[in-house]
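Here's the structure, in structure tokens; my notes come after.
The values are calculated or read from the model by the stated rules, or taken from the named source; none is laboratory data. The structure presented is a predicted model; accordingly, all values stated were derived computationally and were not measured. All Cβ positions, even for glycine, are placed from backbone atoms using ideal geometry, and neighbour counts span all protein chains on display. Quick note on the areas: whole protein, heavy atoms, side chains included, nothing else; ligands and nucleic acids left out. Shrake-Rupley method; radii C 1.70, N 1.55, O 1.52, S 1.80 Å.
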Amino acid sequence: MRLGVLDIGSNTVHLLVADVRPGGRPLATTSQRTVLRLMRYLDPDGAITEEGVRALVAAVAEARRTAESERVDELLATATSAVREATNGADVIARIEAALGQPLQVLGGETEARFTFLAVRRWFGWAAGQILLFDIGGGSLEIAAGSEELPDAAESVPLGAGRMTVRFLPEDPPGQDAIDALREHAARVLKPVAERFASQPRPDHVVGSSKAIRSLAKLAGYPMPGWSSLERMVLPRKELKAWIPRLARIPAETRQELPGITADRTFQIVAGAVVLHQAMKAMDVDELEVSPWALREGVLLRYIESLSWNAPSA
């Protein structure tokens, strides 16, 4: 069957269409992304402004039309932190559901981490052993750890790249004082998280997922041979740290000329780099590997598992 996953996040509205079957690997056919950066549309009370809601509804309606034209059998629509935490979230959800013509699943932060961890586990396989996962979105940072398909520990903290850009780095380019303030804030938030994860076994693999981490790996990391001739990217903490002051000195419109930095990430890539570096430091991680699968694939995989298995015909 053909499934669609609509991920309504803090930075983008992203539709992924894939052909799936029980026991098989999802085969993506279409990927449609609309950049919104919803954090720009939050008013002082934490509500999404009317302009932001209209832009969001328009993007959702466009995604629905694409899903219909792709003859999607089932559309799995999810929303994450920006919608979840908005003070007018209930009204925004109702308007999204009206545009979709179906219910919207609003994911909690820990649920986001669990879905993403499932996708990473499936990508790396059982031989990867104990995995420690970092996933940076626009509104939150998810961290998860475990040796099974579902993590033994999973947390979500409000350190997303878009949220931190709006709060700490509104100037373009940001000054060193603003960078230092964000670094100190992230360290404070992450300290108790690291303490709670300290009881987990030392990871065999540290993995980063999300577009922000993939972009930073292309900028500051290096490729290594992977499985089945697939190249994998590795991001060292030391190299990431070295790039932060360089990124911070470059105006946002110029950053997209750098390797891996796309137009939709130019404004928030500095905050993403600072948060990721602090997370790696707090968890005593020297380098991480990048997973091409993340939340959307996790939602797909979980749904595939729910499909009934038909007995083979005699």
Only one of these conditions is not met by residue 272: (1) open to solvent by 10 Å² or more (accessible area, probe 1.4 Å); (2) within 28 Å of residue 105 (Cα to Cα). Which number is it?
(1)
Please determine whether any residue of region 43-58 is open to solvent by less than 20 Å² (accessible area, probe 1.4 Å) and within 21 Å of residue 115 (Cβ to Cβ).
no
Selection from region 195-218 of residues that are assigned to a helix (DSSP H, G or I) and open to solvent by less than 20 Å² (accessible area, probe 1.4 Å):
197, 212, 213, 215, 216, 217
Flagged in region 1-21 as polar (S, T, N, Q) and under 11 Å from residue 78 (Cβ atoms), in numbering order, are none
Considering only residues that are surrounded by fewer than 17 Cβ atoms within 10 Å (Cβ to Cβ) and touching a residue at least 60 places away in the same chain (Cβ under 8 Å), look in region 126-158 and name the one that is nearest to residue 41 (Cα to Cα).
158
Residue satisfying all of: in region 235-269; without any contact (Cβ under 8 Å) to a residue 24 or more places away in the chain and open to solvent by less than 20 Å² (accessible area, probe 1.4 Å); nearest to residue 194 (Cα to Cα) among these:
266
Tell me which residues, restricted to region 59-91, are aliphatic (A, V, I, L, M), open to solvent by 20 Å² or more (accessible area, probe 1.4 Å) and touching a residue at least 40 places away in the same chain (Cβ under 8 Å).
72, 75, 76
Can you work out which of the residues in region 30-42 that are in contact with a helix residue (DSSP H, G or I) (Cβ under 6 Å, 6 or more places away or on another chain) and part of a helix (DSSP H, G or I) is surrounded by the most Cβ atoms within 10 Å (Cβ to Cβ)?
38
Residue satisfying all of: in region 219-229; part of a helix (DSSP H, G or I) and open to solvent by less than 40 Å² (accessible area, probe 1.4 Å); nearest to residue 240 (Cα to Cα) among these
220
Which one of these is within 14 Å of residue 100 (Cα to Cα) and either free of Cβ contacts under 8 Å to residues at least 60 places away in the same chain or touching a strand residue (DSSP E or B) at 6+ places or on another chain (Cβ under 9 Å) (or both): 15, 38, 42, 3?
15
If we ask which residues in region 275-293 are open to solvent by 10 Å² or more (accessible area, probe 1.4 Å) and not in a helix (DSSP H, G or I), their number turns out to be 8
Here is a list: 219, 247. Which entry is among the aliphatic types (A, V, I, L, M) and in contact with a Leu (Cβ under 7 Å, 6 or more places away or on another chain)?
219
Counting just the residues of region 93-114 that are crowded, with 24+ Cβ neighbours inside 10 Å and among the hydrophobic types (A, V, I, L, M, F, W, C), which one comes out nearest to residue 293 (Cα to Cα)?
113
